[in-house]
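See structure below.
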Amino acid sequence: MAESHESLLACHDLHCSYPDGTVALDGVDLTIHAGERVALIGPNGAGKSTLLRAIIGLIPSDGDIIVGGTKLTGRTVRDIRQRIGLVFQNPDDQLFSPTVEEDVAFGPAALGCSRDNVVERTHRALDAVGMRDQAHRNPLQLSYGERRRAAIATVLSMRPAILAMDEPSSNLDPAHRRDLIRWIQQEEGCTLLLATHDLDMVAETCDRVLLLSRHIVADGATRTILTDNTLLAAYGLEAPLGLQQLRFRADP
Ligand SMILES: Nc1ncnc2c1ncn2[C@@H]1O[C@H](COP(=O)(O)OP(=O)(O)OP(=O)(O)O)[C@@H](O)[C@H]1O
Ligand SMILES: [Mg+2]
């Protein structure tokens, strides 16, 4: 199937059910272009985490997933996992080495980067999340929020074309949440897909919002979706309290 190379990620009629029969996705259609910053919102159980896991082939799905013109298949899954970096909702799914530094270095080393390049990528990723001084610590001994930041660094070091994050701000204290927002705002070149309930963060970091409820029920500019109280309420969501004061990313 011919796919425009301008679209970096496309899903066509994506369906996903779990072995117990739960239907998590029932026909997701979406297209994301290079450089877009897209939020994926929806109530608990809407299928956000399922969709993120499906697009990197971690769980089976029916329908098409196309990344940079390449269709996800058993043969291409390795290549696609290099293009889409996923930060899991639970950092403990991402950390398995004796030290934070080894966890962050693992991805670039597996990519075949030179030793110097692995070190450079590791340091930059740790700096980005403010974890450089914790590099030699055992991830098991970190606080949940610190583990979350370490998990983000393990994906940043891979320098993926699409950075997908599942609830990146959960369990971060206000200062580290603010650091994360600033970091996302500065990453101008990056294509971002952010599954989150943190709608204030969405306003500050994303240009476009996809509202998911097993399929995409709304797709529009961040301000349009986040100011549609009727739409949000229909899906159990609330507009951020300080919406009038919020600086939308798109604002001049
Ligand atoms: N391993 C599993 N086995 C069976 N059902 C599952 C499994 N994982 C998720 N589900 C179900 O699939 C649906 C979608 O779950 P998912 O975790 O994708 O939602 P979510 O939008 O990420 O929710 P949250 O906001 O709580 O993180 C839910 O009904 C959930 O109960
Ligand atoms: Mg989830």
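The values are calculated or read from the model by the stated rules, or taken from the named source; none is laboratory data. Bear in mind that the values here come from a model prediction, so they are computed numbers and not experimental data. Reconstructed Cβ throughout: ideal geometry from the backbone, glycine too, with neighbour counts over all protein chains shown. The protein model used for the area step is the full one, side chains on, heavy atoms only, and it has no ligands, DNA or RNA in it. Shrake-Rupley method; radii C 1.70, N 1.55, O 1.52, S 1.80 Å.
Label-point separation (nm) for THR70 and ARG182, each offset 7 Å from Cα along Cα-to-Cβ?
3.6 nm
With charges only on Cβ, +1 for K and R and -1 for D and E, what is the dipole size of the stretch 129-192 about its Cα centre, in debye, rounded to 20? Walk me through the intermediate numbers first.
Values: 9 positive and 8 negative charges, 31 e Å.
Using Cβ point charges on Lys, Arg, Asp and Glu, the stretch 129-192 gives about 160 debye.
Give the long-range amide H neighbours of CYS190: residues separated by 5 or more places, or on another chain, with amide H under 5 Å away, using H modelled in the peptide plane at 1.01 Å from N.
Distant-sequence amide H within range of CYS190: zero hits.
Quick one: dipole size for the chain, taken about the Cα centre, charges +1 on Lys/Arg Cβ and -1 on Asp/Glu Cβ, in debye to the nearest 20. Kindly include the intermediate steps, with their values, before the conclusion.
Numbers: 25 positive and 34 negative charges, 90 e Å.
Around 440 debye, computed over the chain.
Rank HIS136, HIS215, HIS197 by mean-square fluctuation in a GNM of the chain with C-alpha springs under 10 angstrom and give only the top-ranked residue.
Looking only at HIS136, HIS215, HIS197, the largest GNM fluctuation is found for HIS136.
Short version: ³J(HN,Hα) in whole Hz for each residue of the stretch 211-218, in order, from phi by Karplus 6.51 cos²θ - 1.76 cosθ + 1.60 (θ = phi - 60°), x for Gly and Pro, what are they?
Per-residue couplings from phi come out as 9, 10, 8, 6, 9, 6, 9, 7 Hz.
Using alpha-carbon pairs under 8 Å, 6+ residues apart, how would you state the relative contact order of the chain in percent?
24 percent
How much area per residue is accessible in the stretch 7-234 when the probe is 1.4 Å and only protein heavy atoms are counted (Å²)? Present the calculation step by step, with values, prior to reporting the outcome.
On the way: 9810 Å² over 228 residues.
Heavy-atom accessible area per residue stands at 43 Å².
What relative contact order, as a whole-number percentage, does the stretch 176-238 give when Cα pairs under 8 Å and 6 or more residues apart are counted?
Numbers: 42 pairs, mean separation 13.0, N = 63.
Once normalised by length, the contact order is 21 percent.
Running a GNM on the chain with Cα contacts under 10 Å, which residue among THR50, THR70, THR230 ends up with the highest mean-square fluctuation?
Maximum fluctuation in the GNM of the chain, among the listed residues, is at THR230.
In terms of modelled amide H atoms, which long-range or inter-chain residues lie less than 5 Å from the amide H of GLU167?
HN-HN under 5 Å from GLU167: ALA195, THR196.
Return the calculated 222 nm mean residue ellipticity for the chain, to the nearest 500 deg cm²/dmol, obtained by summing -39500 (n - 2.57) across DSSP H runs with n ≥ 4 and dividing by the residue count.
Working: 9 runs with 84 residues, N = 252.
Rounded to the nearest 500, the figure is -9500 deg cm²/dmol.
Between the DSSP loop rule and a limit of at most 12 other Cβ atoms within 10 Å, which GluC sites (Glu not before Pro) in the stretch 141-235 are left?
Values: sites: GLU146, GLU187, GLU188, GLU204; in loops: GLU187, GLU188.
Counting only loop positions with at most 12 other Cβ atoms within 10 Å, the GluC sites (Glu not before Pro) in the stretch 141-235 are GLU188.
If I build a Gaussian network model for the chain, linking alpha-carbon pairs within less than 10 angstrom, which residue out of LEU192, LEU95, LEU51 has the largest mean-square fluctuation?
The residue with the greatest mean-square fluctuation here is LEU95.
Could you work out what % of the accessible surface of the chain is carbon and sulfur, using a 1.4 angstrom probe and leaving DNA, RNA and ligands out of the count? Please report the intermediate quantities before stating the final value.
Working: 5810 of 11910 Å².
Solvent-exposed carbon and sulfur of the chain make up 49 percent of the total.
Given points 7 Å out from each Cα along the Cα-Cβ axis, report the ALA233 to HIS15 separation in nanometres with one decimal.
Going by the 7 Å Cα→Cβ label model, 3.5 nm.
Determine the principal axes of the Cα atoms in the stretch 1-156, then give the extent along each, sorted from largest to smallest and rounded to whole angstroms.
Principal-axis extents of the stretch 1-156 (Cα, largest first): 45, 33, 27 Å.
How high is the FRET efficiency between ASN90 and GLU6 when r is their beta carbon distance and R₀ equals 35 Å, given to the nearest 0.05?
On the way: r = 34 Å, r/R0 = 0.96.
Using R0 = 35 Å, I get an efficiency of 0.55.
Looking at the chain, send over the antiparallel percent of its DSSP beta bridges, to the nearest 5. Write out the running numbers ahead of the final one.
On the way: 20 of 37 bridges.
Around 55 percent of the beta bridges assigned by DSSP in the chain are antiparallel ones.
Enumerate the amide H contacts of ARG159 below 5 Å, restricted to partners 5 or more residues apart or on another chain; note that Pro and chain-start residues carry no placed amide H.
none
Equivalent ellipsoid semi-axes for the stretch 98-225, as square roots of 5 times the alpha carbon gyration tensor eigenvalues: give them largest first, rounded to whole Å. Before the final figure, lay out each step's value.
Details: eigenvalues 157, 55, 32 Å².
They are 28, 17, 13 Å, listed largest first.
Of the trypsin sites (Lys or Arg not before Pro) in the stretch 41-78, which ones lie in a loop per DSSP and count no more than 10 other C-beta atoms within 10 Å?
Working: sites: LYS48, ARG53, LYS71, ARG75, ARG78; in loops: ARG75.
Sparse-neighbourhood loop trypsin sites (Lys or Arg not before Pro): ARG75.
For the stretch 72-144, what are Rg and Dmax over the alpha carbons, in angstrom?
Both quantities, over Cα of the stretch 72-144: 13.3, 40 Å.
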